[in-house]
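A short worksheet on the structure shown next.
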Amino acid sequence: MNRGAQHHGILHVHPARARCNRRPSLVVNARRLRAAGLFLMLPALMCGCRRSSESVETSDAERGPANVLLISLDTTRADHLGCYGHPKVKTPNLDRLAAEGVRFVECVSPAPITLPSHASLLAGVYPFVHGARDNSVFRLPEAQETLAEAMKQAGYTTVAEVAAEVLDRQFGLAQGFDAYTDTRGGGSRVHERSGAEVAARAAARLKGLKDRPFFLFLHFYDPHLPYKPPEPHASAYPGEPYLGEIAAVDAYVGRVLDALDELGLAERTLVVLTADHGEGLGQHDEPSGAGAGSAER
Ligand SMILES: [Zn+2]
């Protein structure tokens with residue numbers, strides 16, 4: 001990695017832009033999101049919406065405000081996705097999202113730590129400003145205005161499904177959400193929820209949200225240690241379980257995107273997908289984990 005080439009914020013936008021990105025209502029929403037700090041300093045980021053083959057031409061006024069689906073993939077290195085050039089891993093759903101939308105090629109995480117990075121994602125400021133500077137011992141203060149609060153104020157129904165206990169509501173990210181399911185949400189506390197569960201709950205949530213503007217935030221924790229990809233992804237990448245986890249989370253995202261299609265929501269939903277930070281994978285003397293310098297992208 002050429003660390004000298006690192007930059008903060010968005011540097012480059014992939015020249016291929018999907019038709020939907022030229023539609024006025026979505027452009028406006030993207031601007032609102034950017035104003036709220038959503039497009040800030042992230043390891044991998046792509047966004048777009050899809051026009052179904054059965055789409056009916058209606059005006060943006062008739063359609064109403066676009067829905068927003070924000071997906072965070074924990075511990076996901078951009079260079080370990082097909083759409084960012086990895087030669088081996090199969091990530092067809094993420095690749096399609098990148099091809100049909102806008103793919104950001106140079107993004108930097110504000111912190112290679114889950115809570116601080118997500119707090120910046122939602123609050124739009126650096127950790128030293130919002131105060132949630134590490135997992136477990138800090139929380140995002142109520143004084144911070146979050147994207148969820150802004151969306152709720154704009155009339156959106158706001159729902160979150162998060163998969164790691166470091167994002168449990170006690171750490172402040174639930175502010176602004178009408179519903180926030182964390183690792184205690186299933187009745188018993190767990191360290192992490194599987195992507196399969198998050199995707200299934202997201203699909204169920206979408207059925208209840210399809211008639212109103214919504215902001216749905218999904219967090220997938222699967223690529224984080226320990227690497228234990230499910231089949232068939234474990235067998236597809238023998239000896240490379242991190243790749244198996246990446247392939248698995250791609251499949252989970254695919255289920256959510258399929259649900260958008262099946263419910264007729266795809267063409268009026270802005271999908272924004274990012275990672276909270278990358279993964280060390282042995283660089284900079286880090287055998288694993290995302291705790292230091294090499295993992296910010
Ligand atoms: Zn993380």
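The values are calculated or read from the model by the stated rules, or taken from the named source; none is laboratory data. Just so you know, these numbers come straight off a predicted model, no measurement behind them. Here the Cβ is made from the backbone with ideal geometry for all residues, glycine too, and neighbour counts use every protein chain on show.
Odds and ends about this structure:
- Filtered by the rule that a residue be over 16 Å from the mean Cα position of the chain (by Cα) and over 19 Å from residue 276 (Cα atoms), the stretch 146-169 gives 149, 150, 151, 152, 153, 154, 155, 156, 157.
- Residue 155 vs. criteria touching a helix residue (DSSP H, G or I) at 6+ places or on another chain (Cβ under 6 Å), closer than 20 Å to residue 205 by Cβ, modelled with pLDDT of 95 or more and not in a strand (DSSP E or B): no
- Residue pairs meeting the criteria (Cβ under 9 Å; at least 6 apart or on separate chains; first without any contact (Cβ under 8 Å) to a residue 40 or more places away in the chain, in the stretch 106-121; second more than 9 Å from the ligand (Cβ to nearest atom) and part of a helix (DSSP H, G or I)): 116/127; 116/130
- Which listed residue, of 206, 218, 173, 140, is more than 16 Å from the ligand (Cβ to nearest atom), at negative phi and either assigned to a helix (DSSP H, G or I) or surrounded by 15 or more Cβ atoms within 10 Å (Cβ to Cβ) (or both): 206
- When the stretch 93-126 is filtered for residues that are buried (at least 24 other Cβ atoms within 10 Å of the Cβ), away from the ligand (no atom under 11 Å from the Cβ) and among the hydrophobic types (A, V, I, L, M, F, W, C), the ones remaining, listed by number, are 94, 97, 98, 107, 119, 122, 123.
- Evaluation of residue 179 against (1) under 23 Å from residue 253 (Cα atoms); (2) in contact with a Leu (Cβ under 9 Å, 6 or more places away or on another chain); (3) away from the ligand (no atom under 16 Å from the Cβ); (4) not acidic (Asp, Glu) (one fails), failing number: (2)
- Which listed residue, of 262, 231, 240, is at pLDDT 95 or above, within 29 Å of residue 66 (Cβ to Cβ) and more than 20 Å from the chain's Cα centre (by Cα): 262
- Residues of the stretch 188-201 satisfying the condition of being in contact with an Asp or Glu (Cβ under 6 Å, 6 or more places away or on another chain) and outside any loop (DSSP other than H, G, I, E, B): 195, 198, 201
- Screening residue 226 against (1) more than 21 Å from residue 79 (Cβ to Cβ); (2) touching a residue at least 40 places away in the same chain (Cβ under 8 Å) leaves a single unmet condition, (2).
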